[in-house]
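Since the structure comes first, as structure tokens, the remarks are kept for the end.
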Amino acid sequence: MSSKVTGTNVNVESPAVNHRTIVGQNRRKKTESRIIEAAIQVFAEKGPEAPVIDDFMKAAGIARGTFYNYFNSTSELLTAASTWLADDLIESIEEEVKDIADPVIRHGVGIRLWMRKAKNDPAWCGFVTSVWFQGGYALDAPIRDIRQGMKSGEFSCPSAQCGWDMALGTIRQAMIRIMQEPKLIKTNYSDQIVRIILQGLGASPDKQDEVLAYRLPAMRRPTQTIV
């Protein structure tokens, strides 16, 4: 006995088409990462303002058309490179703090891990500070923690975005200070920065102490650096 379906137009994407789409997306992502990684080395060698598109093409081994398939200008690539480095660090931090249930402690420990990276990797610190970053995971994860801290009543600020802007500006200025005054690396300056951020977000003194007493883990996921 045979059967057929009538009156219904079913559009099912074939496995072959779906596979090609995934392969194409992965290939594009790999190419973009290769361009950014090459660009980081070029920027580190020549500075943020000096490189031209030909420098990136040569370093990444790509044609001019390929470059413009991903980026419109060197300044756009510079922002992408800084954001890529920041997001990479946040991914590693998330691996270490994901099991911390308290959003205030999770947020504070995350900032401490970020500052530890800034102190221990001056090249990374200098690059990220000179360009900073926009959007990406490096903004989403901290805002999530601040929002949850507000919901629990341990943070008090007009909005999660407002709280993170305050924290972000403080972190960046602290990184600049560390670059200008390396002697601060051997002091408790970073902990002071974390405390003032938590205070600004409305955390209690006891919670601030708890964050600073938390034993920082080693990064199980290696973070990118600049050679």
Cross-link partners among lysines for LYS46, C-alpha distance below 22 Å, same-chain residues fewer than 8 apart left out?
LYS58
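Can you show me the helix-derived [θ] at 222 nm for the chain, built from DSSP H runs with n ≥ 4 at -39,500 (n - 2.57) apiece and divided by the number of residues, rounded to the nearest 500.
-23000 deg cm²/dmol
Give the shape of the chain as rounded, prolate or oblate, defined through the alpha-carbon gyration tensor: a ≥ b ≥ c are the square roots of its eigenvalues, a/c under 1.5 means rounded, and otherwise the shape is prolate if a/b is larger than b/c and oblate if not.
oblate
State, as an integer percentage, the relative contact order of the chain based on alpha-carbon contacts under 8 Å between residues 6 or more apart.
Numbers: 209 pairs, mean separation 53.2, N = 227.
Result for the chain is 23 percent.
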Return the whole-Å distance between the Cα centroid of the stretch 152-188 and the Cα centroid of the stretch 192-206.
10
Treating only Lys and Arg (+1) and Asp and Glu (-1) as charged, each at its beta carbon, one finds that the chain has a dipole about its Cα centre, in Debye to the nearest 20, of 420
Output ³J(HN,Hα) for the stretch 167-173: one whole-Hz value per residue in order, computed from phi by the Karplus curve 6.51 cos²θ - 1.76 cosθ + 1.60 with θ = phi - 60°, and x for Gly and Pro.
5, 5, x, 5, 4, 5, 5
In the structure displayed, which of LYS186/LYS207; LYS29/LYS151; LYS98/LYS183 lie more than 29 Å apart, Cα to Cα?
LYS29/LYS151; LYS98/LYS183
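Read-outs throughout are calculated quantities, based only on the coordinates presented, and are distinct from any laboratory measurement. Quick caveat, the model's predicted, so the values are computed rather than measured. Here Cβ is always computed from backbone atoms with ideal geometry, including for glycine, and neighbour counts include all displayed protein chains.
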